[in-house]
Every structure is written in C-alpha cells, then in structure tokens.
1. With the cut-off at 1.5 for a/c, could you classify segment 129-251 from its C-alpha gyration tensor as rounded, prolate or oblate?
2. Using only Cα atoms, locate the centre of segment 170-221 and the centre of segment 122-138, then give the distance between them in Å, rounded to an integer.
3. Let me have the relative contact order for segment 98-220, percent, based on Cα pairs under 8 Å that are six or more residues apart.
4. For a quick check: sort 62, 126, 190 by the number of other beta carbons within 10 angstrom, fewest at the front.
5. How would 143, 38, 59 line up from fewest to most surrounding beta-carbon atoms within 10 angstrom?
6. For a footprinting-style exposure proxy, rank 213, 226, 238 by other Cβ within 10 Å, fewest first.
7. Which residue fluctuates most in the GNM of the chain (Cα springs below 10 Å): 73, 150, 173?
8. Quick one: the Cα spread of segment 5-86 along its three principal axes, in angstroms, biggest first?
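Please treat every number below as a calculation from the coordinates, not as lab data. Small disclaimer: the values here were computed from a predicted structure and weren't measured. Counting neighbours? That spans all protein chains shown, and the Cβs are built from the backbone with ideal geometry, glycine included.
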C-alpha cells in the first residue's frame with residue numbers, strides 16, 4: 001500500500017501516548033495503535049528510521065529498538081536496504097479442534113474459494129492403507145484441493161478417504177462445500193489426531209501455494225475417526241508467513 005510518508009509520520013505522532021513510559025515503548029504503542037485500528041494496513045511501508053528520528057527528536061538507537069522488538073514479535077517485517085513494513089495478517093486455526101476452513105475465513109470477513117486439483121478413486125498403497133486402517137489394494141478416494149482466502153492460496157489440502165464409510169465422496173463438488181463440511185455431515189467426527197511440523201515444500205507445492213520453494217510452510221497431518229473407524233487422513237500445507245495455530249488449555 002502506497003500512502004504518503006508525511007501522512008504516515010503524522011499518524012504515528014498522533015498515536016504517540018502521553019505517558020511516562022520510555023520513548024521506545026511509547027513508539028511501539030503508537031505503531032501498534034495504527035495497525036490495530038487499520039489506519040496502517042498489511043504490507044504498508046512505515047516511515048524510515050531517519051524520518052522517525054527527525055519527527056520524534058530521539059536517538060536512532062531508540063527507534064531501532066522499537067522496530068526490532070516489533071519485528072521479533074511478527075508485527076513488522078524489516079528488509080535491509082528497502083524499509084520496514086506492516087507484516088501480513090496471519091490466519092490462525094485452533095490446534096485442539098478441527099474446524100471448517102471456509103467458516104474460519106468467513107469469520108475473518110474474507111472470501112473463501114477452492115480449486116480442485118484432483119479427485120479420484122485409487123487402490124490404496126501400503127502407506128495409504130496403514131493411514132486409513134484398510135487393506136492394501138482396497139479402493140479409497142484421494143483428493144487434492146487448494147483453499148484461497150481473498151484469491152490468495154492459504155492451504156494445500158491432500159486427503160485420502162475411506163470409501164467404504166463414505167462411498168459418495170468422489171461425487172461431491174468441493175468448490176461448493178469443503179471436504180470437512182461434507183465428511184462431518186455423513187460421518188461425524190468423534191476423535192482426531194494432529195501432527196504439526198515446519199517443512200519446506202517441493203517445487204509443485206510451492207507453485208500451487210504461489211510461494212518460493214525455499215519458503216517454510218506449516219504442515220498438519222491429521223486423521224479423524226467416526227466411532228471406531230478412521231474416516232480420513234489429510235495433509236494440510238500452509239505458507240508459514242500466512243498461517244498460525246492457536247491453542248488454549250486449562251490447568252490439569
């Protein structure tokens with residue numbers, strides 16, 4: 001976003017709290033206020049360190065500390081020789097629950113779309129059979145989808161499904177409803193497990209997610225049961241800079 005730097009500097013000064021806190025802390029507060037109020041939008045460029053020093057009448061070390069700490073918190077992105085920018089807003093998903101990604105995106109006030117890369121029935125290989133608890137060679141369904149948030153790829157979904165339990169999976173239009181919504185309707189989830197890892201995508205996956213092949217991704221491997229039967233095993237891959245997991249738990 002290209003907003004005149006004079007306006008950005010003025011909005012920074014306007015948000016500076018009149019307290020006895022250290023100036024670097026007041027500067028951090030003013031930056032956060034502009035971001036949280038949507039006065040500054042994701043990917044917007046901030047005034048340079050020199051501009052902040054001149055406007056605030058403080059040392060460069062003070063400005064640098066505020067920017068450095070906000071960058072460490074993931075609020076800002078600093079690019080050497082280019083500038084400091086508001087970090088893209090990260091989508092987040094619940095770690096201890098299984099949610100519909102379409103609903104999560106809608107709850108953020110954004111538009112969800114799905115690209116169906118593949119949907120077919122296949123004979124389960126040994127690995128797929130173990131993941132689903134079926135016999136090798138048994139017919140299962142396999143689907144590959146790309147979920148988009150406001151036209152930006154946010155998740156690659158690779159899924160295998162127990163065809164005996166969900167025989168009509170291959171006939172669904174997953175541009176109109178998500179696999180989660182359909183599966184939870186015909187075989188409601190009673191149990192699930194997650195395995196979360198940071199990974200580097202292969203070249204095809206990076207292309208599907210519209211990212212660089214060296215960029216880290218968040219990978220979730222998930223299996224869900226209905227009763228005592230495994231319904232589906234999925235691998236969910238999201239760009240690390242756009243996605244995060246959130247979990248809350250109580251004291252045992």
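1. Note, shape of segment 129-251 comes out prolate.
2. Centre-to-centre distance over Cα atoms comes out at 19 Å.
3. 21 percent
4. With the fewest neighbours first, 62, 126, 190 line up as 126, 190, 62.
5. Least crowded to most crowded, the residues run 38, 59, 143.
6. 213, 226, 238
7. Largest GNM mean-square fluctuation: 73.
8. Each principal axis gives a Cα extent; for segment 5-86 these are 30, 26, 25 Å.
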